[in-house]
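Here's the structure we're looking at; comments come further down.
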Amino acid sequence: MNQKYSYKDYLIWPEDERWELIDGTAYAMSPAPSRRYQDILGSIFLSLGKYFEKKECFVYPCRGWALFQGCCLRRGGCT
């Protein structure tokens, strides 16, 4: 079944599940990031933070969701 979902559908999905909605297709994600993933994310975050320290840009940890051009929506990407 190739059902296409919308942002409206996404909003009613259970909060305790992690999903990506890309071009109308729902993808179930793993329950939690692995330690290796978190180590890599932390290193990248620190490196970018140092690089942008004296610039007019800011680095923020993952918000848990983001809406990208082209209808790519992610939720629960970071803990």
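Any read-out appearing in this document is the output of simple, stated calculations on the displayed coordinates, not a laboratory observation. Bear in mind that the values here come from a model prediction, so they are computed numbers and not experimental data. So basically every Cβ, Gly included, is an ideal-geometry build from the backbone, and we count neighbours across all protein chains shown.
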- Message: Could you go through the stretch 24-36 and let me know if any residue there is on the phi > 0 side of the Ramachandran plot and in contact with a Lys or Arg (Cβ under 8 Å, 6 or more places away or on another chain).
- Response: yes
- All positions within the stretch 6-17 that are closer than 16 Å to M29 by Cα and part of a loop (DSSP other than H, G, I, E, B): W13, P14, E15, D16, E17
